[in-house]
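Heads up, the thing below is written out as structure tokens.
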Amino acid sequence: MRELWIAGNWKMYKTRAEARAWVAALIEHPQAATVHLMAFASATLLATVEETAKGRIWVGAQNLHPGREGAFTGELSARQLLDAGATAVLIGHSERRHLFHEDDELLQKKVRTALDSGLRPMYCIGETLAERQGGRTEEVLDRQLTRGLAGVGAEEWSRLWVAYEPVWAIGTGETATPAMAQAAHRFTRDRLQALGGEAAARVPILYGGSVKPENAGELLSQPDIEGVLVGGASLEAGSFAAIAAAGAERQKTS
Ligand code: 13P
């Protein structure tokens, strides 16, 4: 059966009580049993999610500092995130790139730190509206992949995911059409193959940007879309479970 990854990015939402209720509701949903479930949560929630999830949900952080430890007030190291219960981490989310000015060189260091520490990175890429309209989507994706994933070793590709999130589709209600998303995923897979061969071509590629229960099934039926990274529609457990159920449905028919 095709493996599918259904990931929620909660961004700066939820208290511990809310996180606990979400996880408890989700793990009761039998429809979601065949897909991989992931929750990328604020650092304050990681331990709560891990304790409540009972191994049923991958626990992810949303950012990390590339250093081992040191005088970096307000930052979090890979070791601290692992200690809090995270096994995965988002790196290069468009909000980090654009609101916090993180560039590919910094993100490459973060990917390196995550892999060295045993935290699995989900490396995010995506073009802005101006870049798409200017016909530069592939150039941007190529640059983000080549720079951010520089130095990933042959045996490390099996420990990461890539998420394609067109910036213009994030939080806007605009979704890439399944054909647009598929084309970007196909391009991403070809570039991964060029960077790291067969092992890199097998990296799961998730789509993100206004994914909802209504559009998840069609997106997940595309051959190169192996999951979704969901912001707004992940916050409510019922709507996230409906997306997971759409994924489970696709698995049966693929
Ligand atoms: P929305 O699903 O709210 O568009 O957010 C997408 C996203 O940024 C997931 O990482």
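The values are calculated or read from the model by the stated rules, or taken from the named source; none is laboratory data. Remember, predicted model here, so these are calculated numbers, not experimental data. Neighbour counts are summed over all protein chains in view; Cβ atoms, including those assigned to glycine, are modelled from backbone coordinates with ideal geometry. To get the accessible areas, we keep the full protein, side chains included, count just its heavy atoms, and leave off ligands, DNA and RNA. Shrake-Rupley method; radii C 1.70, N 1.55, O 1.52, S 1.80 Å.
Quick notes on this structure:
- Heavy-atom accessible surface of the stretch 131-172: percent carbon and sulfur, 1.4 Å: 44 percent
- Sum of side-chain charges, Met12 neighbourhood, beta-carbon under 15 Å (Lys, Arg +1; Asp, Glu -1): +2
- Between the stretch 9-66 and the stretch 138-163, the C-alpha centres lie 25 angstrom from each other.
- Kyte-Doolittle at least -0.5, axis length at least 20 Å by Cα - qualifying DSSP helices, the chain: 178-201, 237-253
- Restricting the GluC sites (Glu not before Pro) of the stretch 148-254 to loop positions (DSSP other than H, G, I, E, B) with no more than 15 neighbouring Cβ atoms within 10 Å leaves Glu155, Glu174, Glu236.
- Thr175 accessible area, 1.4 Å probe, all protein chains in place, Å² to nearest 10: 40 Å²
- Translational diffusion of the stretch 89-203 was estimated from the Stokes-Einstein equation, with Rh taken as the Kirkwood radius over Cα pairs; at 37 °C and 0.692 mPa s the coefficient is 230 µm²/s.
- Ranked order, Phe40, Phe72, Phe187 - accessible area, probe 1.4 Å, largest first: Phe72, Phe187, Phe40
- Using the 1.4 Å probe convention, the accessible area of the stretch 97-254 works out to 40 Å² per residue with neighbouring protein chains retained.
- Per-selection Rg to Rh, the stretch 1-150 - Cα, Kirkwood hydrodynamic radius: 1.00
- For the stretch 31-105, convex hull of alpha carbons as volume per residue, Å³: 114 Å³
- Quotient of C-alpha Rg and 2.2 N^0.38 Å, computed over the stretch 147-199: 1.33
- Here the stretch 7-63 was treated as a single set of alpha-carbon atoms; its pair distances binned every 5 Å from 0 give 4, 22, 36, 26, 10, 3, 0 percent.
- Computed over the alpha carbons of the chain, Rg followed by Dmax gives 16.9, 52 Å.
- Under 25 Å, Cα to Cα: Lys pairs in the chain, sequence gap 8 or more or different chains: 7
- For the residues Asp224, Asp83, Asp116, Asp142, a 1.4 Å probe over the protein chains yields an accessible-area ranking, largest first, of Asp83, Asp116, Asp142, Asp224.
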